[in-house]
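The values are calculated or read from the model by the stated rules, or taken from the named source; none is laboratory data. The structure presented is a predicted model; accordingly, all values stated were derived computationally and were not measured. Please note: Cβ atoms are built from the backbone with ideal geometry, for glycine as well, and neighbour counts cover all protein chains shown. Quick note on the areas: whole protein, heavy atoms, side chains included, nothing else; ligands and nucleic acids left out. Shrake-Rupley method; radii C 1.70, N 1.55, O 1.52, S 1.80 Å.
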Amino acid sequence: MPYTTKEIQKIEEKWQKIWDKKKIFKVDVNDKKPKYYCLEMFPYPSGKIHMGHVRNYTITDVIARFKMMQGFNVLHPMGYDAFGQPAENAAIKRKIDPAEWTYDCIDQMRKGLKRMGFSYDWDRELATCDKDYYKWNQWIFIKMFERGLAYKKTSSVNWCPSCETTLANEEVLAGGCWRCQTPVVQKDLDQWYLKITEYSERLLEDLKQLSFWPSRVIAMQENWIGKSMGAEIYFRVKDTDDPIPVFTTRADTIFGATYVVLAPEHPLVDKLIKGVKHEEAIRQFIQKISNQSKSVRISGEQKKEGVFTGRYAINPANNKEIPIWIADYVLMEYGTGAIMAVPTHDQRDFLFAKEHALPMEIVIEDPQNLDRKVSDMKEAFEGEGVLINSAQFNGIKNIDAIEKIGAWFQENGNGKMTVHWRLRDWLISRQRYWGTPIPMIYCETCGIVPVPEKNLPVELPPDIDITGEGGSPLRKCADFVNVKCPSCGKKATRETDTMATFFDSSWYYLRYCSSKNKKEVFDKKEAGYWMPVDQYVGGIEHAILHLLYSRFFTKFFKDLGFVTFDEPFVRLLTQGMVLKDGEVMSKSRGNTVDPDEVIKNYGADALRLCILFAAPPEDQLEWNDGAVDGAWKFLNRIWNLIEKQYKVVNENIAFQEFDEDDKNLQRECHSAIKKITEDISSYKFNTAISSLMILINSVDKYKFDKNNVVKQSLFNFTMRAVILLLSPFTPHICEELWHKIGSKEETIVKAAWPTYNEVYLKKDMAEVVVQVNGKLRGKFSVAVDISEEEIKKIALSDEGIQKWILDKPVKKFIYLPGKLVNIVV
RNA sequence: GGGCAAGUGGUGGAAUGGCAUACACGCAGGACUUAAAAUCCUGUGGCUGCAAGGCCGUGAGGGUUCGACUCCCUCCUUGCCCACCA
């Protein structure tokens, strides 16, 4: 029976059915085995699986199967991140129910995943749009509400007046709505937030525990959390004495602060400008800025604009009067919404001061340019130096002055040392239908009342008319909106916004531990056994949001007493993207390759092998059709070797009867076992596969003799190892061959991973490379345990080497046993 | 502007500071075949040479070392992330 396209389909589908029917990958808590939780980021079900999924899930599957064969109790679950906008868009466009559309997509997706032969425990499958799942979203939300971690606040957000909805910054394109191009405005809205900032310190500190995460993900999270140590200094408004706290990381430059700038939204602005000469013009300026969308304002491209308020502040360092300005480059969301401007030592302030002819004073001496004058400056001096024009702090190094001046202010009450975070609270309200309803009720007498636990879930009403015209679709559904207040029984209304879908995906890995649990968010005991996740695999695009939110949720569950650990994911592997013709494969670019087509022609095994062999998992992968062909050829060679040469024999291999050729093959087999085990453990799948290819090349060259029992059994031994070693990569063909050669286990996954014997790795002879002055000049085959003296004699007397040494004296002789000689002359 | 990666044959990519280019793709030649496909074998960094061989060669330049793709410094290029962040 040849390994043809038709046969491949038959074999692969046969084993997929058997694995499914016998529930080979179903696992339960088992204290007798070490556990291993292997997880991939669950997909958004938008239709068929694509190459990105194939790559992500193949990597994870290799790890899972490898660990299974090594005797671990492996949890490897799959589910769907099923709420979200695409379902709603499909509903608008095609007039179908988002639920129907989503469950259709899930069916397609499941089919695709099963056709790849992934080792999932399908009994744990979940979809976040199942009410059994989102019920617990609501439960978690209420727990957070009870602890003050979920709260409502009015804040300025991007708003599309035509669609009547809030937009994320990413949804604003060139100042307009991504859907209708209407200019986006800022609007104050009352929205639900999660107080992730309460966990800033822990989220930052615990990054230190994540020594098996890629350093760049750690760096991105650090940046995002953005802890900055500095000082808050109180400037005061002249005459009224109103304080203007400013945040600065450069307290050392305080004596050079020659003006103060407030954000246009700063609460003090209104009071300050009341009655000043140009009040109307200033108000117009503020109006103009506030009409700009955040993304335009933050772009940093445009020129910095500002106006003078006509008022002055007192610099607490030297009691000088300095003007107060309003400018668009100061943001209310960061720091205190006000800055002290030091144009001589901050480039942004410098440009602004030049533009508006504001005063400057040099307070740090540039060691390269001691007598610099303000009039000579072409740009701010941001380097290190010694303080000048700074009263009692003159002569101190500026880096030391940061702390000293901060302490001085702390003492005299003009400021304090403080920490600022870049991390903002998380806005989770969405004016959408296809998401988890926020389980809150508004009552005129009782205020905001959470839905009692016994009434959860608050179900999404079906048959809602989704028009896409904006606003929460749920608010048009009277049956949904009107309720009795759970507290006083009077008429009340429900919250009609739904949760951002990142909420759903922040804890699904905990739910997998007991995904069918009806009583609790998850079973503490089962989560205690399986968690934390030992290996998480997914795209780098989730480096910040999803991973940060999941870490936040885990810490919250720890505080609730549900888990005992701080971090959910011990190891993280971020797989690279799949490219075609140098660009990321994507539907919008139209450069996708359909995995189904490849499977149809070559099978899932060849696809898996080719994608693993083409590049290390973290690197980008350039898709190449020819590579699948190569993978298939390799599998075919193995198939043919077994078909033609494998024959069961009873005799055990007797080492004494081995000739040199046998010993070589045995050594190569054991060294391949060693190398492949090490490579898979460190996720170097491409080199693991190349080692298998090298071993097969050796088997091809091996002087096989079907009438020689010793050679037959050595061949058998080697091929058994090959099948086992290859099985995590290409499980179907290996399962088939494993049974073809008469193995007893019901599945190869239950066979033990092969081990090597150190004894067989040893060589008698070694090839030693000889260099003269670091250049390769010869090679010798010598006994491995040859002494330095002996090799020196051999090397120096060799003619080929001699001609490079001649009569020059040997200055140094370096010998790496069994490897290399370097003669320095 | 800040941070993090990465730069090696025609291509994807290998190399605990020790033989640069493993393995594979592609290409060329050969065997088998009436022929083709498939399969198998051989060759395949550049320059030079009939050959043996020699010289050069891992983005550029410097340094450390007996020895550098690998470590250090400077620069260039590309990719990703963050950013009017005070």
Could you please tell me which pairs satisfy a Cβ distance under 9 Å, a separation of 6+ or placement on different chains, a first residue in the stretch A:733-761 that is at positive phi, and a second residue that is assigned to a helix (DSSP H, G or I)?
none
Give the residue, chosen from A:Thr501, A:Thr554, A:Thr496, A:Thr564, that is farther than 15 Å from A:Asn137 by Cβ, touching a Phe, Trp or Tyr at 6+ places or on another chain (Cβ under 9 Å), open to solvent by 10 Å² or more (accessible area, probe 1.4 Å) and β-branched (Val, Ile, Thr).
A:Thr496
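Table: residues versus (1) assigned to a helix (DSSP H, G or I); (2) within 34 Å of the chain's Cα centre (by Cα); (3) polar (S, T, N, Q).
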residue	(1), (2), (3)
A:Ile448	no, no, no
A:Glu459	no, yes, no
A:Asp465	no, no, no
A:Arg475	yes, no, no
Residues in the stretch A:583-592 that are of a type in the set (A, V, I, L, M) and either in a strand (DSSP E or B) or surrounded by fewer than 17 Cβ atoms within 10 Å (Cβ to Cβ) (or both): how many?
1
State yes or no: is A:Glu222 of a type outside the set (Lys, Arg), closer than 30 Å to A:Ala150 by Cβ and either crowded, with 16+ Cβ neighbours inside 10 Å or in contact with a Gly (Cβ under 8 Å, 6 or more places away or on another chain) (or both)?
no
Tell me which strands (runs of 3 or more DSSP E) are completely within the stretch A:192-269 and hold 1 or more residues being more than 12 Å from RNA strand B (Cβ to nearest atom) and among the basic types (Lys, Arg), or say none if there are none.
A:227-237
Scanning the stretch A:759-815 for residues that are within 29 Å of A:Lys663 (Cβ to Cβ) and of a type in the set (S, T, N, Q), the one nearest to RNA strand B (Cβ to nearest atom) turns out to be A:Ser781
Taking only the stretch A:570-623 into account, find how many residues are at positive phi and either hydroxyl-bearing (Ser, Thr, Tyr) or within 14 Å of RNA strand B (Cβ to nearest atom) (or both).
2
Going by the structure shown, is A:Val699 at pLDDT 90 or above and among the aliphatic types (A, V, I, L, M)?
yes
A:Phe352 vs (1) part of a loop (DSSP other than H, G, I, E, B); (2) more than 8 Å from RNA strand B (Cβ to nearest atom): all pass except (1)
Selection over the stretch A:722-754 where residues are polar (S, T, N, Q) and under 32 Å from the mean Cα position of the chain (by Cα) yields a count of 2
Check A:Asn664 against each of (1) modelled with pLDDT under 90; (2) over 31 Å from the mean Cα position of the chain (by Cα); (3) crowded, with 17+ Cβ neighbours inside 10 Å and name the one condition it does not meet.
(3)
Residue list for the stretch A:501-544, restricted to those being within 16 Å of RNA strand B (Cβ to nearest atom) and closer than 25 Å to A:Val458 by Cβ
A:Phe502
Cβ-Cβ distance below 7 Å, separation of 6 or more or different chains: which pairs start in the stretch A:601-612 with a residue that is touching a residue at least 24 places away in the same chain (Cβ under 8 Å) and end on one that is aromatic (Phe, Trp, Tyr) and part of a loop (DSSP other than H, G, I, E, B)?
A:Arg608/A:Phe729; A:Leu609/A:Phe729; A:Leu612/A:Phe729
Within the stretch A:329-342, count every residue that is near RNA strand B (Cβ under 7 Å from one of its atoms), in a loop (DSSP other than H, G, I, E, B) and either of a type in the set (Lys, Arg) or crowded, with 22+ Cβ neighbours inside 10 Å (or both).
2
Any residue in the stretch A:605-623 that is in contact with a His (Cβ under 8 Å, 6 or more places away or on another chain) and either more than 25 Å from A:Leu423 (Cα to Cα) or surrounded by fewer than 20 Cβ atoms within 10 Å (Cβ to Cβ) (or both)?
yes
Identify all residues within the stretch A:315-328 that are among the acidic types (Asp, Glu) and in a loop (DSSP other than H, G, I, E, B); write none if there are none.
A:Asp328
For the stretch A:403-430, enumerate the residues that are open to solvent by less than 70 Å² (accessible area, probe 1.4 Å) and in contact with a Gly (Cβ under 8 Å, 6 or more places away or on another chain).
A:Gly406, A:Phe409, A:Gly415, A:Thr418, A:Val419, A:His420, A:Trp421, A:Leu423
Go through (1) in a helix (DSSP H, G or I); (2) touching a Leu at 6+ places or on another chain (Cβ under 6 Å) and name the single condition A:Leu635 misses.
(2)
Does the stretch A:404-446 hold any residues that are in contact with an Asp or Glu (Cβ under 7 Å, 6 or more places away or on another chain), among the aliphatic types (A, V, I, L, M) and in a loop (DSSP other than H, G, I, E, B), and which are they?
A:Ile438
Looking at (1) surrounded by 13 or more Cβ atoms within 10 Å (Cβ to Cβ); (2) in a loop (DSSP other than H, G, I, E, B), which is the only condition A:Asp705 fails?
(1)
Tell me which residues, restricted to the stretch A:270-285, are out of contact with any strand residue (DSSP E or B) (no Cβ under 6 Å at 6 or more places or on another chain), in contact (Cβ under 8 Å) with a residue 24 or more places away in the chain and not in a loop (DSSP other than H, G, I, E, B).
A:Lys271, A:Ala281
Among residues belonging to the stretch A:259-280 that are over 13 Å from A:Trp325 (Cβ atoms) and touching a helix residue (DSSP H, G or I) at 6+ places or on another chain (Cβ under 8 Å), point out the one that is surrounded by the most Cβ atoms within 10 Å (Cβ to Cβ).
A:Glu265
On the basis of being in a loop (DSSP other than H, G, I, E, B), on the phi > 0 side of the Ramachandran plot and buried (at least 16 other Cβ atoms within 10 Å of the Cβ), does A:Tyr683 make the cut?
yes
Working only within the stretch A:521-535, note down all residues that are of a type in the set (Phe, Trp, Tyr) and under 22 Å from the mean Cα position of the chain (by Cα).
A:Trp530
Tell me whether the stretch A:383-397 contains one or more residues that are under 18 Å from A:Ala257 (Cβ atoms), among the small types (Gly, Ala, Ser), buried (at least 19 other Cβ atoms within 10 Å of the Cβ) and within 16 Å of RNA strand B (Cβ to nearest atom).
no
From A:Met719, A:Met693, grab the single residue that is within 24 Å of A:Ala64 (Cα to Cα) and either modelled with pLDDT under 90 or touching a Leu at 6+ places or on another chain (Cβ under 9 Å) (or both).
A:Met719
A:Gln292: at negative phi, open to solvent by less than 50 Å² (accessible area, probe 1.4 Å), at pLDDT below 90 and near RNA strand B (Cβ under 10 Å from one of its atoms), yes or no?
yes
